[in-house]
Amino acid sequence: MYPKSKEEKFIKYFDERVRWPVEGCPLLEIKMPDEIHNEWLQWADKYREYKDHELAFLKEHLNKGDNSYQISVFGSDLEKSWNYSFMIKLGEYYIHKLKGYSFRKLRRCINVRSNMGENDTYDFWINYAYKGDSNPAHEHAGNIASVQYIKNVQDNPTYLLWEEKQINYEPEDGYIIMFPNTMTHWVDEKITEEERITGSVNLVFEDFNT
């Protein structure tokens, strides 16, 4: 349980930074704090060691995406990161705004989706995309999906479907979007040469009212 003063602090922090780009749509946008963006950039460089290795397929995070390579961030990196805590708190804020639940009640109700015993334990991964790569229309596992725009993302919009309406989201480096896991979204084939790096995080919401 949060003390009331701490709940107000969390709400104020995110209220001042979050934007809802489409009126009435559960699509959240926030600019990453520098510490969060820098961690993603550091991970993107660090995990090239695995991406470029002849055994890269052993560490690959496989899903519907057709990026050149995807890899989950290791638990040992997540546990000491700002990112892990930031995403959980952002998820709490997201449910708070959509459902009206207090932060105090949401304590320990939001978690990063995990696959214990698998090589990609956490749904907290990096996407490396190159010319010819694409992300066909898909949804995410868990309850809350998010995309982290890390580097060189301006050349490809993210398209999302909401109530049969197409949203064309024009990303910028250093931003995050969050949306329901059932919201269909996609990225068209990349036609530019420059490497595009994004991240994705799936959160699970254990609703205490069900």
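Numbers for the structure displayed
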{"quantity": "Residue in region 116-127 that is more than 26 Å from Trp186 (Cβ to Cβ), under 13 Å from the mean Cα position of the chain (by Cα) and hydrophobic (A, V, I, L, M, F, W, C) present", "calculated": "no"}
{"quantity": "From Asn168, Asn152, Asn202, residue being at negative phi and under 17 Å from the mean Cα position of the chain (by Cα)", "calculated": "Asn202"}
{"quantity": "From Glu54, Glu92, Glu139, residue being among the acidic types (Asp, Glu), over 30 Å from Ile191 (Cβ atoms) and out of contact with any Asp or Glu (no Cβ under 9 Å at 6 or more places or on another chain)", "calculated": "Glu92"}
{"quantity": "Any hit, region 166-176, residues being in contact with an Asp or Glu (Cβ under 9 Å, 6 or more places away or on another chain) and not hydroxyl-bearing (Ser, Thr, Tyr)", "calculated": "yes"}
{"quantity": "Search result, residues across region 103-126 that are out of contact with any Leu (no Cβ under 9 Å at 6 or more places or on another chain), buried (at least 20 other Cβ atoms within 10 Å of the Cβ) and outside any helix (DSSP H, G or I)", "calculated": "Trp125, Ile126"}
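A short reminder: the numbers here are calculations on the coordinates, not readings from a lab. Remember, predicted model here, so these are calculated numbers, not experimental data. Positions of Cβ are backbone-derived with ideal geometry, glycine not excepted, and every protein chain shown enters the neighbour counts.
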